[in-house]
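Chemist: Pasting a structure below so you can have a look.
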Amino acid sequence: MYKKPGYPKLVIDLNKLRNNIERVQSMCADRGVEIAGVIKGCSGLIPCAQQFERAGCSYIASSRLEQLQPLRENGIQAPLMMVRVPMLSEAADVVRICDYSLNSEVSVLKELNVQARLQDREHNVILMADCGDLREGFWDKDEMVDAAEMVENDLRNLHLAGVGVNVGCYGSVLATPEKLQELVDIAERIEERIGRELEIISGGATSSLMRVMDGNLPERINMLRVGEGILLAYDLPNLYGYEMEDMYQDAFVLRAEVIEVKDKPSHPVGEIGFDAFGHRIEYEDRGIRRRALVGIGKCDYGDPSELLCREKGAEVLGASSDHTILDVQDVKRSLKVGDIIEFDVKYATIVYLTNSPNIEKVYI
Ligand SMILES: *Cc1c(COP(=O)(O)O)cnc(C)c1O
């Protein structure tokens with residue numbers, strides 16, 4: 001029987017991950033903001049999800065039911081939250097698996113209610129407002145207030161837990177105080193209509209942490225759904241210049257094995273057409289250079305330009321499905337076949353690697 005070799009390997013430092021969760025969680029707790037720990041960035045790996053609960057996240061969240069479904073049987077007791085607005089066809093499973101879901105369609109809300117009744121449960125819903133990022137959420141806010149009233153008064157097996165917004169993910173819209181205040185205003189319109197306070201006003205994802213750090217998160221926002229800012233903590237420091245003290249950007253490290261080392265021309269030799277993925281590529285001619293291949297490729301991680309090689313002097317030149325090509329001319333140690341090369345990874349790379357059955361996951 002074929003046994004998977006030890007490489008490529010994703011090394012996951014659970015203590016670093018735990019540290020990151022605790023930092024974000026306590027920073028938010030100081031301002032009365034609860035965290036839904038979003039585990040989709042690491043494809044819901046159970047040992048990672050468990051850290052989110054242990055570090056005190058109030059909810060465990062994912063965009064995919066298949067990641068939420070195994071959590072209970074693995075001992076996680078925190079309420080589970082579905083953060084992608086559900087497919088109509090998965091309503092029964094949403095109710096069965098999750099305690100909370102984010103929603104933007106009346107037909108789905110009605111179906112969730114039917115399924116909750118059949119299962120003799122109450123399911124909590126958070127209605128999403130689209131405040132300009134143009135992904136999910138009610139655009140027409142009158143329609144949203146009407147939907148809230150319907151959930152409150154007519155859908156007996158649903159509980160209207162609150163409202164939420166997502167910004168940044170599609171439209172790159174910033175979570176400014178004004179933008180988040182729009183959500184609070186909608187919440188207050190709904191509260192006026194239904195005659196009670198909403199428990200949850202969920203003001204976005206990692207990008208809203210900037211408001212927590214600046215101390216200008218609108219008062220009534222009391223929950224954020226955070227993934228990237230915990231798993232990697234890359235965007236806020238590296239894109240926005242926010243200092244995130246004592247956060248690790250290397251809770252996830254990729255290790256791959258060298259399968260060829262040779263001196264070769266740096267420019268392909270022959271008539272040039274398209275690469276394996278149908279793209280026209282510009283190749284720089286730098287003469288003869290030492291190159292190394294490692295046994296991992298686009299199938300495993302998506303985009304090679306998102307790999308950050310830890311080997312000083314090495315450069316990722318490109319990749320095909322199963323090979324990654326490095327320029328190692330300027331690497332000090334003399335690399336040979338069988339050596340291991342380490343890479344730091346970005347968010348999308350973590351998503352792909354954790355999702356790939358070809359990647360051995362090792363927890364330290
Ligand atoms: C993915 C997602 C999040 C978490 O986003 P991060 O940027 O990783 O913090 C929060 N809310 C929704 C609706 C999402 O889809």
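Chemist: Cα atoms only: what Rg and Dmax, in Å, come out for the chain?
Modeler: 23.3, 75
Chemist: Over the alpha-carbon set of the range 1-82, work out the extent along each principal axis and list the three values in angstrom, largest first.
Modeler: Taking max minus min along each principal axis of the Cα atoms, the range 1-82 gives 54, 25, 20 Å.
Chemist: What is the distance, in nm, between label points placed 7 Å from the Cα along the Cα-to-Cβ direction at Glu260 and at Arg135?
Modeler: Going by the 7 Å Cα→Cβ label model, 3.9 nm.
Chemist: A follow-up question, please. Using only the Cα atoms of the range 31-240, what semi-axes does the equivalent ellipsoid have when each is the square root of 5 times a gyration tensor eigenvalue? Give whole Å, largest first. Intermediate values should be presented prior to the final figure.
Modeler: Values: eigenvalues 120, 103, 39 Å².
Semi-axes, largest first: 24, 23, 14 Å.
Chemist: What accessible area per residue comes out for the chain, rounded to a whole number of Å², with a 1.4 Å probe?
Modeler: Working: 17080 Å² over 364 residues.
Accessible area per residue: 47 Å².
Chemist: If you take the square roots of the eigenvalues of the alpha-carbon gyration tensor of the range 252-363 and sort them as a ≥ b ≥ c, do you get rounded (a/c under 1.5), prolate (a/b over b/c) or oblate?
Modeler: Values: a/c = 2.04, a/b = 1.27, b/c = 1.60.
It is oblate, given that a/c is not under 1.5 and a/b is not larger than b/c.
Chemist: Counting each DSSP H run of 4 or more residues in the chain as -39500 (n - 2.57), what helix-only mean residue ellipticity at 222 nm follows after dividing by all residues, to the nearest 500 deg cm²/dmol?
Modeler: On the way: 11 runs with 103 residues, N = 364.
So the calculated ellipticity at 222 nm is -8000 deg cm²/dmol.
Chemist: Calculate how steeply helix 177-194 sits against the longest principal axis of the alpha-carbon atoms of the chain, using the helix alpha-carbon long axis, and give the answer as 0 to 90 degrees to the nearest 10.
Modeler: It is inclined by approximately 30 degrees.
Chemist: Note the angle between two axes, namely the Cα long axis of helix 14-29 and the longest principal axis of the Cα atoms of the chain, as a number of degrees from 0 to 90, rounded to the nearest 10.
Modeler: Compared with the principal axis, the helix lies near 40 degrees.
Chemist: Heavy atoms only, probe 1.4 Å: what % of the accessible area of the chain goes to carbon and sulfur, would you let me know?
Modeler: Values: 7800 of 17080 Å².
Within the chain, the accessible surface is 46 percent carbon and sulfur.
Chemist: Note the angle between two axes, namely the Cα long axis of helix 106-118 and the longest principal axis of the Cα atoms of the chain, as a number of degrees from 0 to 90, rounded to the nearest 10.
Modeler: 80 degrees
Chemist: First obtain the Kirkwood hydrodynamic radius of the range 199-330 from its Cα pairs, then insert it into the Stokes-Einstein equation at 20 °C and 1.002 mPa s, and state the resulting D in µm² per second as a whole number. Provide the component values of the computation, followed by the final result.
Modeler: Values: Rh = 18.1 Å.
Taking Rh from Cα pairs, D becomes 118 µm²/s.
The values are calculated or read from the model by the stated rules, or taken from the named source; none is laboratory data. Please read all numbers here as calculations on a predicted model, not as lab measurements. We place every Cβ from the backbone using ideal geometry, glycine too, and count neighbours over all the protein chains shown. Just so you know, the surface numbers come from the protein's heavy atoms only, side chains and all, with ligands and any DNA or RNA stripped out. Shrake-Rupley method; radii C 1.70, N 1.55, O 1.52, S 1.80 Å.
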